[in-house]
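Chemist: Next up is a structure, given as C-alpha cells.
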Amino acid sequence: MTAQENAALVRQSLDLFNVRDFTALVNVPIADDVEVHDIPRGVVAHGVKGYDQFHRDLHNAFPNSRMVVTNVQATDDQVFVEFNCPDAENLGRLGILRGTGRVINLDFAGVYEISNGRISRVRFYYDGGSLMHQLGFRFTTPDMPRN
C-alpha cells in the first residue's frame with residue numbers, strides 16, 4: 001500500500017473508534033495476530049479479539065472520549081499519528097484503576113505498522129504521569145511533599 005492509503009486506513013480506524021462502531025473497527029484490515037501496545041501502562045493486546053477488547057476497554061473507561069488528530073505522517077509500512085483526547089471523563093475502570101469521574105485532556109502518539117495492507121502492530125505513547133495526575137492519583141515518597 002502507498003503512504004496515503006496507509007494514512008487513510010489509520011484515520012478510518014480512529015474515526016470508527018470516535019463513533020463507537022467496534023464491529024466496523026475490527027473489520028478494518030487488521031492482521032489476525034495484530035498487537036496493540038499501551039506503552040506507559042505496559043499493556044499488550046493480542047489478536048483480533050484483543051484489539052477489539054482494548055478499544056472497548058478504553059470506551060468503558062472514558063465513554064465520551066474522542067481522538068482529535070493533529071498530525072499524520074505515513075510511509076509504505078508505517079503511520080505515525082499524534083492526537084489529543086480532550087475533555088474525556090473517566091467513568092469506568094482503566095485496568096486496575098477505578099473510575100474517578102475526573103476529566104482528562106491528554107496528548108498521544110501512535111505508531112501503526114502496516115503489513116500486507118493490514119494493521120499489524122500499534123504502539124501508543126503518552127505521559128502516564130500526567131494521566132495519573134489528571135485522574136487524581138498522587139504518588140509520594142516520604143521525602144516528597146504531599147499535595
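Since every read-out is calculated from the coordinates, none of them should be taken as a lab result. Small disclaimer: the values here were computed from a predicted structure and weren't measured. Here Cβ is always computed from backbone atoms with ideal geometry, including for glycine, and neighbour counts include all displayed protein chains.
Chemist: 5 Å is the cut-off here: which amide hydrogens, built 1.01 Å from N in the peptide plane, fall below it relative to S120, excluding neighbours closer than 5 in sequence?
Modeler: Long-range HN contacts for S120: A31, E113, I114, S115.
Chemist: I would also like to ask the following. Around V79, what is the net charge, scoring Lys/Arg as +1 and Asp/Glu as -1 over all other residues with Cβ under 13 Å from its Cβ?
Modeler: Net charge in that neighbourhood comes out at -1.
Chemist: Arrange Y126, Y51 by Cβ neighbour counts within 10 Å, fewest through most, would you?
Modeler: Sorted ascending by nearby Cβ count, the order is Y126, Y51.
Chemist: Would you mind giving the three semi-axes, in whole Å and largest first, of the ellipsoid equivalent to the chain according to its Cα gyration tensor?
Modeler: Equivalent ellipsoid of the chain: 29, 16, 14 Å, largest first.
Chemist: Where does each of D32, D38, D76, D107 land when they are ranked from fewest to most other beta-carbon atoms within 10 angstrom? Before the final figure, lay out the partial values.
Modeler: Details: D32 8, D38 20, D76 11, D107 15.
Ordered from fewest to most neighbouring Cβ atoms within 10 Å, D32, D38, D76, D107 come out as D32, D76, D107, D38.
Chemist: Note the angle between two axes, namely the Cα long axis of helix 3-18 and the longest principal axis of the Cα atoms of the chain, as a number of degrees from 0 to 90, rounded to the nearest 10.
Modeler: Tilt of helix 3-18: around 50 degrees.
Chemist: Still on this structure, I have one more. Of N60, S13, N116, which is farthest on the positive side of the dipole of the chain, counting Cα position, with +1 on Lys and Arg Cβ, -1 on Asp and Glu Cβ, and the Cα centre as origin?
Modeler: N60
Chemist: Sum up the charges of everything whose Cβ sits under 12 Å from the Cβ of L131, counting Lys and Arg as +1 and Asp and Glu as -1, but leave L131 out.
Modeler: -1
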